[in-house]
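Asks: If you scroll down you'll find the structure; I have some questions about it.
The values are calculated or read from the model by the stated rules, or taken from the named source; none is laboratory data. Source: prediction; values computed, not measured. Backbone-built Cβ (ideal geometry, glycine too); neighbour counts: all protein chains shown.
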Amino acid sequence: MAHGVVVVHGIGEQAKGESLAMVVNPLAEFLKQAGGPNFSLNYVVQIDSSPKPAEAVLTFSGTSPSGVAVPDSRWVFREAWWAKSLMPPSYREMLLWTARQFGGQMRAIVRGLRNGIYEGVRDKLVPLPWPLKLYDRVVIFFLGLLLLLGVGPLFLFLLVSWAFSFLPNVLGLGTLSKQLEGLLKGFLVLNVGDTKVYVDHGLWAANVRRVIEEAVLDILKGADFEDVTVICHSWGAIIAYEALSRGSVVDEFLSKNPQPEKKITLVTVGSGLNRSLHMVDKSQSSLARPRLTRRLMPSIFWLNLYSRYDPVPAGPIDSALFAQSGLQKTSIKQSRVVNLDDIINDHGAYWENKDLVAPRLVRAINGGNYPFIETHLNPARILHRLASVAKMASLRLFFIYLALANAVAAWLFRGWGQGMVGFVERVPLLGEGLVKVHQWFKLNQPLGLDLEPLAVWALATLLVAILALTVYKIIRYGIWQDL
């Protein structure tokens, strides 16, 4: 008998097989490393341009390092690839929709992250190293600052961009509109646009959901599968939730063909469910709320994994969502993990987390049991991860303070900023764009204001920030790879 797994990706333009590889490859490495020299693992992969879903079959057996025999096991992974199953919205439509959603989403994200970070600071079971506690407080301060000073200007920027999209090409305004579109379209239309279409358009949502439903039904109908685990990331959690809810195609199939012996596990990783909760309230579709607030099938076991610094879930699943699911408390489990403690990169860092994520995934896939003792959560590895993340946090803090000190120095001492900008302007190629910006502010006075000193300060601040980020990336990914 095999364990069946359906992998559901999130928003974006993923290629067929991309999310499957991102999930399966780290799990295979984790199993092989845990299994040791007397452990055999093989996989057969099928990723091609045919209509059949991308598939990877892991088989393993042998003897674990503790001397325990590992029985022959077969895990079948199938990708529910839905990236091409909906029509993207228009750029203009997305600008207005994002402006409507932006304020509420930002407040919810900042509040959720702040609470989640404080939760980690107060955790007595796994105490955080002091650099992480200091880093946490710095991040909480800047999150509050972002909410206070950033939401209003960004909201106005979206509205102005929307208004500019109507302008004809007169006095260069059309060109400016096209430049703004080139800057924003890729992110708003080809990424965030998936969420709007799924919430507001029931037809496209059904077409996306069909991909997941067919993958789940294929395993449920297979006589050689003993269970099915649906592993979904980001917005994929919303799609999988709806596909496994009461009244769905899967629910109707099971009501006619009861299979109590086949366990169904929903694993949400970096879930976007909290985000959908806020989107539904502002949806223009009257069907969005009834669709996206249904109860889950009572036979589901739900495991939710979220990291402290992931802005998509921004903390644990909202209590209202858990109540809405209709599941018993014994059928729901949440686990907070530490990925990188990096707001920018945490959302995509779950699959490579072999200390806190991989053990939980293999247990869920294996019917709720660890395949062998070495795949259990390892306290020593967890502490090692926390120490490594603390070192990275200390490095980030150093560069943050360096950039802030430079900004203050450039503001207080005009010669400091001018000297820095002048030095970079003399560097071939690197300083050409900088010279143009500096000269424009030097020769022009918009609204009669001399903005050259402010421009020099901004350029000097930006230069050091870019340099600090570059050096951090070189150290983090090129020199020190401790995770």
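Asks: For the range 203-226, state whether one or more residues are closer than 21 Å to ASN274 by Cα, in contact with a Pro (Cβ under 9 Å, 6 or more places away or on another chain) and in a helix (DSSP H, G or I).
Replies: No, the range 203-226 contains no residue that is closer than 21 Å to ASN274 by Cα, in contact with a Pro (Cβ under 9 Å, 6 or more places away or on another chain) and in a helix (DSSP H, G or I).
Asks: For the range 219-270, which positions are in contact (Cβ under 8 Å) with a residue 60 or more places away in the chain, surrounded by fewer than 16 Cβ atoms within 10 Å (Cβ to Cβ) and among the small types (Gly, Ala, Ser)?
Replies: GLY222
Asks: Quickly run through the range 313-335 and pick out the residues that are in a strand (DSSP E or B) and touching a helix residue (DSSP H, G or I) at 6+ places or on another chain (Cβ under 7 Å).
Replies: Across the range 313-335, the qualifying residues are ILE332, SER335.
Asks: Of the conditions (1) under 22 Å from the mean Cα position of the chain (by Cα); (2) at pLDDT 90 or above, MET297 satisfies every one except a single condition; which number is it?
Replies: Exception for MET297: condition (1).
Asks: What helices (runs of 4 or more DSSP H) lie completely within the range 397-481 and have 1 or more residues being touching a Phe, Trp or Tyr at 6+ places or on another chain (Cβ under 7 Å)?
Replies: Once the helices (runs of 4 or more DSSP H) in the range 397-481 are filtered for at least 1 residues that are touching a Phe, Trp or Tyr at 6+ places or on another chain (Cβ under 7 Å), what remains is 414-425, 452-473.
Asks: Quick one: in the range 146-175, which of the residues that are at pLDDT below 80 and in a helix (DSSP H, G or I) is surrounded by the fewest Cβ atoms within 10 Å (Cβ to Cβ)?
Replies: Ranking the qualifying residues of the range 146-175, first place goes to THR175.
Asks: Residue check: is GLY112 of a type outside the set (A, V, I, L, M, F, W, C), modelled with pLDDT of 85 or more and outside the structural domain of LEU404 (by TED's automatic domain parsing)?
Replies: Yes.
Asks: Right, another one. Can you find a residue in the range 239-259 that is of a type in the set (A, V, I, L, M, F, W, C), modelled with pLDDT of 95 or more, within 14 Å of VAL7 (Cβ to Cβ) and part of a strand (DSSP E or B)?
Replies: Among the residues of the range 239-259, not one is of a type in the set (A, V, I, L, M, F, W, C), modelled with pLDDT of 95 or more, within 14 Å of VAL7 (Cβ to Cβ) and part of a strand (DSSP E or B), which makes the answer no.
Asks: Here's a follow-up. Could you check, for the range 71-85, whether at least one of its residues is among the hydroxyl-bearing types (Ser, Thr, Tyr) and closer than 30 Å to GLN284 by Cα?
Replies: The answer is yes, given that some residue of the range 71-85 is among the hydroxyl-bearing types (Ser, Thr, Tyr) and closer than 30 Å to GLN284 by Cα.
Asks: Further question on the same structure: Quick one: LEU321 ticks every box in (1) within 17 Å of GLY116 (Cβ to Cβ); (2) without any contact (Cβ under 8 Å) to a residue 40 or more places away in the chain bar one, so which box is it?
Replies: Condition (2) is where LEU321 drops out.
Asks: Collect the residues in the range 2-24 that are under 22 Å from the mean Cα position of the chain (by Cα) and over 30 Å from LEU188 (Cα atoms), keeping them in residue-number order.
Replies: Residue satisfying the conditions is VAL5 alone.
Asks: Now for a different question. Among the residues of the range 272-280, are any more than 20 Å from PRO313 (Cβ to Cβ) and surrounded by fewer than 19 Cβ atoms within 10 Å (Cβ to Cβ)?
Replies: No, the range 272-280 contains no residue that is more than 20 Å from PRO313 (Cβ to Cβ) and surrounded by fewer than 19 Cβ atoms within 10 Å (Cβ to Cβ).
Asks: Moving on. Hey, any hits in the range 8-31 for a residue that's in a strand (DSSP E or B), under 30 Å from VAL208 (Cβ atoms) and either outside the structural domain of LEU180 (by TED's automatic domain parsing) or in contact (Cβ under 8 Å) with a residue 40 or more places away in the chain (or both)?
Replies: The answer is yes, given that some residue of the range 8-31 is in a strand (DSSP E or B), under 30 Å from VAL208 (Cβ atoms) and either outside the structural domain of LEU180 (by TED's automatic domain parsing) or in contact (Cβ under 8 Å) with a residue 40 or more places away in the chain (or both).
Asks: Same structure again: Scan the range 15-53 for residues that are in contact with a Phe, Trp or Tyr (Cβ under 7 Å, 6 or more places away or on another chain) and under 22 Å from TYR241 (Cβ atoms) and jot them down.
Replies: LEU20, MET22, VAL23, PRO53
Asks: Every residue in the range 32-43 that is farther than 14 Å from SER73 by Cβ and either part of a helix (DSSP H, G or I) or in contact (Cβ under 8 Å) with a residue 12 or more places away in the chain (or both), please.
Replies: Answer for the range 32-43, where residues must be farther than 14 Å from SER73 by Cβ and either part of a helix (DSSP H, G or I) or in contact (Cβ under 8 Å) with a residue 12 or more places away in the chain (or both): GLN33, GLY36, ASN38.
Asks: Okay, next question. Can you tell me which condition SER85 does not meet? The list is (1) over 22 Å from the mean Cα position of the chain (by Cα); (2) among the hydroxyl-bearing types (Ser, Thr, Tyr); (3) assigned to a loop (DSSP other than H, G, I, E, B), and all the others hold.
Replies: Just one mismatch for SER85, condition (1).
Asks: Just checking, does the range 339-349 include any residue being assigned by TED's automatic domain parsing to the domain that holds ASN274, touching a Lys or Arg at 6+ places or on another chain (Cβ under 7 Å), surrounded by fewer than 16 Cβ atoms within 10 Å (Cβ to Cβ) and not in a strand (DSSP E or B)?
Replies: No; the residues of the range 339-349 include none that is assigned by TED's automatic domain parsing to the domain that holds ASN274, touching a Lys or Arg at 6+ places or on another chain (Cβ under 7 Å), surrounded by fewer than 16 Cβ atoms within 10 Å (Cβ to Cβ) and not in a strand (DSSP E or B).
Asks: Pairs please, first residue from the range 379-399 and on the phi > 0 side of the Ramachandran plot and surrounded by fewer than 17 Cβ atoms within 10 Å (Cβ to Cβ), second anywhere and assigned to a helix (DSSP H, G or I) and of a type in the set (Lys, Arg), Cβ atoms under 6 Å, 6+ apart in sequence or on different chains.
Replies: Listed by first residue and then by second, the contacts come to nothing, as the list is empty.
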